[in-house]
1. Would you be able to tell me the number of residues in segment 25-60 that are closer than 30 Å to residue 145 by Cβ, in contact (Cβ under 8 Å) with a residue 24 or more places away in the chain and either in a helix (DSSP H, G or I) or within 14 Å of the chain's Cα centre (by Cα) (or both)?
2. Here are 22, 97, 88: which of them is over 20 Å from residue 182 (Cβ atoms) and either assigned by TED's automatic domain parsing to the domain that holds residue 189 or outside any helix (DSSP H, G or I) (or both)?
3. Against the definition (assigned to a helix (DSSP H, G or I), touching a helix residue (DSSP H, G or I) at 6+ places or on another chain (Cβ under 8 Å) and touching a residue at least 60 places away in the same chain (Cβ under 8 Å)), how does residue 168 come out, yes or no?
4. Across segment 238-253, what is the total count of residues that are buried (at least 17 other Cβ atoms within 10 Å of the Cβ), touching a residue at least 24 places away in the same chain (Cβ under 8 Å) and assigned to a helix (DSSP H, G or I)?
5. Mind listing whichever residues of segment 64-79 are modelled with pLDDT of 80 or more and assigned to a loop (DSSP other than H, G, I, E, B)?
6. So the check is Cβ under 6 Å with 6+ separation or different chains; which pairs have a first residue in segment 66-77 that's under 12 Å from residue 56 (Cβ atoms) and a second one that's part of a loop (DSSP other than H, G, I, E, B)?
7. Could you tell me whether any residue of segment 151-166 is over 17 Å from the mean Cα position of the chain (by Cα) and buried (at least 19 other Cβ atoms within 10 Å of the Cβ)?
8. Do the conditions hold for residue 22, that is, is it over 21 Å from residue 114 (Cα atoms) and surrounded by 14 or more Cβ atoms within 10 Å (Cβ to Cβ)?
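The values are calculated or read from the model by the stated rules, or taken from the named source; none is laboratory data. Because the structure is predicted, anything quoted here is derived from the model rather than measured. Note: ideal-geometry Cβ built from the backbone for every residue, glycine included; neighbour counts use all protein chains shown.
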């Protein structure tokens, strides 16, 4: 489950927190707990499936060669059973929500199994990952309203650019290994020279989408709460070194913290309103 990387789970959790809190200022604590536990389980199941599919590749990548399956610490069968158990626990949580959200949640299972194979065929697996990771935008909204609405869809698209941005930086950690192994990623597509520009563009689109949601919902306090984060993320990008895996990893993990800061802005807006 990679519980040693706790700041990655917010990347799965925060879109659901944002959506549910934007949909209603009074979200049931039960719903928040379901999304908290569900994000841990779905992320864990996804990581397990990813490690299972990539175990032969992971052995040849410096960053991933110590993962349990690649290192031979657990068998592929054990990993599959573990993934199924996590999916079943997540299903139990999902069934506590309304029917619309249950339907949406059930649609994400197959894409989780497809994603690990994409790096073999396309330079844009990050787009597909964004569709999975940010599915909570739609589920968070429907868990409160029992229906989808335009702000949820705009938020979902905005978060898609967020994921493409931070996961492109994440992919630069394996830039040389992926080149050597003939794998594909958005990092390899845009390259080192244009990488920061591309990621910067993703964040422009991300924050534009968030501001659009704030405008649509007539929620100026949420919109103003985003303003300090915009120069901060661009300052982070200014000092980002795509050639340094440590710098890329730090930037990637910082996005989890930013996710909670954005949620804090939404909660502040709800409190004031």
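1. Total meeting the criteria: 14.
2. Values: 22 fails: either assigned by TED's automatic domain parsing to the domain that holds residue 189 or outside any helix (DSSP H, G or I) (or both); 88 fails: either assigned by TED's automatic domain parsing to the domain that holds residue 189 or outside any helix (DSSP H, G or I) (or both).
Result of the check over 22, 97, 88: 97.
3. Working: assigned to a helix (DSSP H, G or I): yes; touching a helix residue (DSSP H, G or I) at 6+ places or on another chain (Cβ under 8 Å): yes; touching a residue at least 60 places away in the same chain (Cβ under 8 Å): no.
Here the answer is no, as residue 168 does not meet what is asked.
4. At the first step, the residues of segment 238-253 found to be buried (at least 17 other Cβ atoms within 10 Å of the Cβ) are 240, 242, 245, 247-248, 251-253.
Then drop every residue that is not touching a residue at least 24 places away in the same chain (Cβ under 8 Å), which leaves 240, 242, 245, 248, 251-253.
Okay, now just the ones that are also assigned to a helix (DSSP H, G or I), so 245, 248, 251-253.
Selection size over segment 238-253: 5.
5. Within segment 64-79, the subset modelled with pLDDT of 80 or more is 67-70, 73-79.
Hits for segment 64-79 are 67, 68, 69, 70, 73, 74, 75.
6. If the second residue must be part of a loop (DSSP other than H, G, I, E, B), the pairs left are 70/59.
7. So in segment 151-166, the residues over 17 Å from the mean Cα position of the chain (by Cα) come out as 151.
From what's left, buried (at least 19 other Cβ atoms within 10 Å of the Cβ): 151.
Yes, that holds for at least one residue.
8. Numbers: over 21 Å from residue 114 (Cα atoms): yes; surrounded by 14 or more Cβ atoms within 10 Å (Cβ to Cβ): yes.
It is true that residue 22 is over 21 Å from residue 114 (Cα atoms) and surrounded by 14 or more Cβ atoms within 10 Å (Cβ to Cβ).
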